[in-house]
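The structure under discussion appears below in the form of structure tokens.
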Amino acid sequence: MSTSKTNSDNRRVFTANFRMLLSAADWTQTEAAQQLGISQGSVSDFASGKRTPSTKGIESIAYRLGIPAEAFTSKAIALDQMRKLLSGKGSSRIAESRTPYRISQPDLPGLRKLKLRWKRSSGDRDEIRVALRVLFRGKADKVIAWLDAP
């Protein structure tokens, strides 16, 4: 398959899933822009298929929603499945994806740094919680409890 064909397919999947997100969340373009931290023009361009965000942009949007980035890129998602993703109910697995991170070893150096950040700045905790829910899925509460422990 040629690169332009692949890019066209990726754009089509992203556009379909982005439109599904707007429908599932029942957002106007202005509301979506505020929730996703992007401009209303970008929301319009993404919804119309004029352009797609970079990989980092897709990851940022997914992070803000607390869903895996693959939700926008793997395959077209039905409205009811997008609603489940946004509500946090049901499986957050869209396609064959990587195994979620496990909290079997909470003493990893990265987690120790995260614990220091957690203790120092209570203002960052909402963002950290969202990231933990994406990374650890069902075990996020255990990680948060570990972060709160002395």
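Side notes on the structure shown:
- Test: residue in the stretch 141-149 that is modelled with pLDDT under 75, over 22 Å from Asn10 (Cβ atoms) and not in a loop (DSSP other than H, G, I, E, B): no
- Ala16 under 24 Å from Ala131 (Cα atoms) and either part of a helix (DSSP H, G or I) or among the acidic types (Asp, Glu) (or both): no
- Criterion violated by Asp9 - all others in (1) over 29 Å from Asp141 (Cβ atoms); (2) at pLDDT 85 or above; (3) of a type outside the set (A, V, I, L, M) satisfied: (2)
- Number of positions in the stretch 36-62 that are assigned to a helix (DSSP H, G or I), closer than 15 Å to Ala16 by Cβ and among the polar types (S, T, N, Q): 1
- In this entry, Ile67 passes the filter for residues that are assigned to a loop (DSSP other than H, G, I, E, B), in contact (Cβ under 8 Å) with a residue 60 or more places away in the chain, closer than 22 Å to Arg133 by Cβ and not charged (D, E, K, R).
- Flag for Thr3 being modelled with pLDDT under 90 and β-branched (Val, Ile, Thr): yes
- Selection count where residues are at pLDDT below 75, touching a Phe, Trp or Tyr at 6+ places or on another chain (Cβ under 9 Å) and part of a helix (DSSP H, G or I), scope the stretch 106-133: 2
- Only listed residue being surrounded by 11 or more Cβ atoms within 10 Å (Cβ to Cβ) and modelled with pLDDT under 70, chosen from Ile103, Ile77, Ile67: Ile103
The values are calculated or read from the model by the stated rules, or taken from the named source; none is laboratory data. These figures come from a predicted structure and were not determined experimentally. Positions of Cβ are backbone-derived with ideal geometry, glycine not excepted, and every protein chain shown enters the neighbour counts.
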